[in-house]
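This report concerns only the one structure given below.
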Amino acid sequence: MKVGIIMGSKSDWPTMKHAAEMLDSLNVSYETKVVSAHRTPHLLAEYSEAAKDRGIKVIIAGAGGAAHLPGMTAAFTPLPVLGVPVQSKALSGQDSLLSIVQMPKGIAVGTLAIGTAGAANAGLLAAQILATHDETVMKAIEEFRRNQTQTILDNPDPQEP
Ligand code: RP5
């Protein structure tokens, strides 16, 4: 597995599945796992510390509310960590975003948009990171871009379904 997709709760899956679907569409292998910074802190340390030696290249971490998972994961691994702020009920994900984005200097998390767009883009960005050393993934991304552009050019009328 090249990408680890972790999330704070099963309730994050409807958002985080968009990262998995993007990786599926680009033929990039991944694993998915619930790892909670607060409810399973020891698992978080174990998973993050072992990821590099298991062959994982990029970790996508999604969490909502007091979203400490991406930052703490990054603290335990030198791998690139992409953080997805899950849209929370109480504060619409602004709490998640601010929890993830303001990392202190020295530990980096690449923060994506709130919700499903952020999750899909996390999958895309993970693939783009892998593509710097994998020509097959690079070709898949280039094809994805071409298709996306062509779909818009082929459907210019905003009133047509
Ligand atoms: C966070 O708390 C999770 O990432 C989730 O977004 C949020 C709520 O979790 P549940 O109470 O639905 O399990 O840790």
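Rounded to the nearest 10 degrees, the angle from helix 116-131 to the longest Cα principal axis of the chain is 90 degrees. Our coupling estimate for the stretch 67-83, obtained by passing each phi through the Karplus curve with A = 6.51, B = -1.76, C = 1.60 and θ = phi - 60°, is 8, 8, 4, x, x, 6, 4, 4, 5, 9, 9, x, 5, x, 10, 10, x Hz, Gly and Pro reported as x. Where only DSSP H runs of four or more residues are counted, the chain gives -15000 deg cm²/dmol as its mean residue ellipticity at 222 nm, each run worth -39500 (n - 2.57). Here the dipole of the chain is about 520 debye; that uses its Cα centre as origin and unit charges on the Cβ of Lys and Arg (positive) and Asp and Glu (negative). Listed values for the stretch 136-142 are Karplus-derived 3J(HN,Hα) couplings in whole Hz (6.51 cos²θ - 1.76 cosθ + 1.60, θ = phi - 60°), namely 5, 5, 4, 5, 5, 5, 5, and x replaces Gly and Pro.
Calculated from the alpha-carbon coordinates, the stretch 3-154 shows an Rg and a Dmax of 15.0, 51 Å respectively.
Once both axes come from the Cα atoms, what is the angle between helix 41-51 and the longest principal axis of the chain, in degrees from 0 to 90, rounded to 10? Taking the Cα atoms of the chain, the angle to 41-51 is about 60 degrees.
Peptides 10-18, 36-44, 150-158, 70-78 ranked from most to least packed by the mean count of surrounding Cβ atoms within 10 Å: 70-78, 10-18, 36-44, 150-158. Once you reduce the stretch 97-142 and the stretch 44-76 to the center of their Cα atoms, the two points are 13 Å from each other.
The gain in end-to-end length when the Leu91 to Lys139 segment is fully stretched comes to 13.4 nm, 0.36 nm per residue minus the alpha carbon separation.
Read-outs throughout are calculated quantities, based only on the coordinates presented, and are distinct from any laboratory measurement. Because the structure is a prediction, the values reported are computed rather than measured. Note that each Cβ is placed from the backbone with ideal geometry, even for glycine, and that neighbours are counted across all protein chains shown.
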